[in-house]
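Heads up, the thing below is written out as structure tokens.
Read-outs throughout are calculated quantities, based only on the coordinates presented, and are distinct from any laboratory measurement. A quick note: this is a predicted structure, and the numbers were derived from the prediction, not measured. Note: ideal-geometry Cβ built from the backbone for every residue, glycine included; neighbour counts use all protein chains shown.
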Amino acid sequence: MAKIRILPEHLTNKIAAGEVVQRPASLVKELVENSLDAGATDIVVVIKNGGKSLCEVSDNGEGMSKDDLLLAFERYATSKIATVEDLINIRTLGFRGEALASIAAVAMVTAHSTLRGADTGYQLHIEGGTFREIKPCPPQEGTLIAVRNLFYNIPARRKFLKSAEVEYRHIVEIIQKFALAHNQVSFKLIHNDREIYNLRAESQTDRIANLFNDEYAANLVPIEWQAGELKVTGYLGNLNLVRARGGEQFLFVNQRFVTDRLMNHAIITGYGSLLSRNEYPFYCLNLALPPDAVDVNVHPTKMEVKFRNQDEVYQFLHQGVTRALQASDHVMPNLGRFAPAHYYSPPDLPKGRTTAWPSESSSGVKKPPAVQTDALPAGNQSSLSFAPPVEKEKWQERARRFAEQTKTITDSDDFQPVIRVFQVHNKYIVSQVKSGLVIIDQHVAHERILFEEALEAMSQGNWRAQQLLFPVVLEMTPTDFSTLLQILPFLEKLGFRLKEFGKNTVLVEAVPAGIRWGNEQSILKEILDHYQEYGTKDTSIQERVAAAYACKAAVKSGDALQPEEMQNLVDHLFATKNPYFCPHGRPIIVNLSLKELDKRFERA
């Protein structure tokens, strides 16, 4: 017998499903694309259990006849292309004819459809790629496709799905992309019988405000730039909408969302020196060009494209973004609205330990609500603070152990930190030790201290909270709100007191004691960004939350410190379990031995 054989159709469909349907969000994408191609102006998406139990998409499109409904679930059956020329000039979102067949192969599917103007609709049932029945049903406008129990017949694939909350957030992101590209279409998203979005046909700015919040609509820079057959329209976010992680960058090519690293680079670099490293602006741009100038048939999910003249498109986008930002006076953060920074009394410290706190004259230092701490002028003094530290005996024991291991600090029985410390460029702390010098990065040192204290607080009990005189209402995006609910128990152990306060809204009643806060919304948003950015790199959810909190609450590079604050920082650092590396692996201490210094000065 020949070794090479033709695979059966049910197996090829499951292989294709692995390319097209990776998770519930994938099938929602395919179904919504079909609805838009059918001319729908009203689309409703209903999901349960993050889409793992149910994904249902209904629309008011043109519908299908009985014969078309049967053919739609056959592989390579499509109404959108017929010739090679059609493939080169794609104007629809879907065209391969693989999606419905792939979905039906790995789930239980029910489809209702009525051809526009017909008196009778039809209902179709398919399970695991096997046709069950088709029968007449009362007519209803458009098409409804319900997909239940995704990957029920491939348990190994189902195990790879994430939690319901994670899968739900992926679906929200898919709906955001379609809603931004098609603001003339109404979208409704319902998860576990809870309405997430109810969007009517509206302007682009209103659509952005309703998808995210009013802050976004108030901080947009319009862009409209054309050169030859290329045209880009949409909005760029100003610096108030900069975030510490990617995910709010939306680039559409002929109203199709695409992921193109090179084109995203062209847009971000168009901001020039306005952005710092690891900062990501919001943007929503649609690039219009002739269909034959872009190939969308390079990936099964159709989210990657290839441009005929890639360099030309890159320069066009870069130049358009740069010109739009230069022409706007609405790019820089709003520095006109100042809010006083909140200073809270430190927790009680062990006898003999002191922490420098702002004097009354410094308590009036003010900070723009939307500006990060490290953007403050260098003259603003930052106050170091720590959670209730470990007991004095435990602190001394750790310090002695550190001294014994390094043999660079002291040989005395009672640990006494070096008294001379110096700050270099408001960034590094230099201190003399027995064997030479140590240089300490003040930000990552404070980050290590807060990280260990946060873990200890989460394992042993709640950190002290400082009640706010006036609770703060924070409106969030659905994805941020979902993430916040996921990590809320751990935030509460750190001292946050948050309550759900309506749709995608929380009420902040208290924050951790001993930490200077100026803008609760900005800090919480940065913690969420940091948590999601490093979520796959840490070993536990506790460590992820602790690392996010420590990074955003720690003293910043560029903050001027008093000698007492520097001494306190060094003391607490040497009392940690691991004073050498921050939670993300960056070094904290650089040791320059006397031997190395002598060698540098040619004294050896």
For residue 253, which sequence-distant residues (separation of 5 or more, or a different chain) have an amide H within less than 5 Å of its own amide H, given hydrogens modelled in the peptide plane? 258, 287
Would you calculate the separation in nanometres between label points at residue 218 and residue 205, each defined as 7 Å from the Cα along the Cα-to-beta-carbon direction? 1.3
Please give every one of the aspartates and glutamates within straight-line cross-link reach of residue 135, meaning a C-alpha to C-alpha distance under 13 Å, and leave out same-chain neighbours fewer than 8 residues apart. 67
Does the stretch 132-208 come out rounded, prolate or oblate by the C-alpha gyration tensor, with a ≥ b ≥ c the root eigenvalues, rounded set by a/c under 1.5 and, if not, prolate when a/b is larger than b/c and oblate if not? oblate
J(HN,Hα) series, the stretch 562-570, from Karplus relation 6.51 cos²θ - 1.76 cosθ + 1.60, nearest Hz, glycine and proline x: 6, x, 5, 5, 4, 4, 5, 5, 5
Using alpha-carbon positions, the gyration tensor of the stretch 9-200 gives root eigenvalues a ≥ b ≥ c; with a/c under 1.5 called rounded, otherwise prolate if a/b exceeds b/c, else oblate, the class is rounded
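So how much slack lies between residue 85 and residue 110, counting 0.36 nm per residue of separation and subtracting their Cα-Cα distance, in nm?
Computed gain between residue 85 and residue 110 is 5.6 nm.
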First check a/c for the stretch 24-138, with a ≥ b ≥ c the square roots of the eigenvalues of its C-alpha gyration tensor; if it is under 1.5, answer rounded, and if not, answer prolate when a/b is larger than b/c or oblate otherwise. rounded
All other residues with a Cβ under 13 Å from the Cβ of residue 437 taken together, and with Lys, Arg as +1 and Asp, Glu as -1, what is their net charge? +2
First select every other residue whose beta carbon is under 13 angstrom from the beta carbon of residue 106; then total the charges, Lys and Arg +1, Asp and Glu -1. +2
Considering the Cα trace of the stretch 97-230, what is its radius of gyration and what is Dmax, both in angstroms? 19.4, 54
Tabulate in residue order the Karplus-calculated ³J(HN,Hα) for the stretch 146-162, using 6.51 cos²θ - 1.76 cosθ + 1.60 with θ = phi - 60°, rounded to whole Hz; enter x for Gly and Pro. 10, 10, 10, 6, 4, 6, 5, 9, 10, x, 4, 5, 5, 5, 7, 5, 7
From fewest to most C-beta neighbours within 10 Å, the residues 37, 598 line up as 598, 37
Calculate one ³J(HN,Hα) per residue across the stretch 476-483 by plugging θ = phi - 60° into the Karplus curve 6.51 cos²θ - 1.76 cosθ + 1.60, and present them in order as whole Hz with x for glycine and proline. 10, 6, x, 5, 5, 5, 5, 5
Cα-Cα over 25 Å, subset of 52/499; 14/48; 14/159; 52/177: 52/499
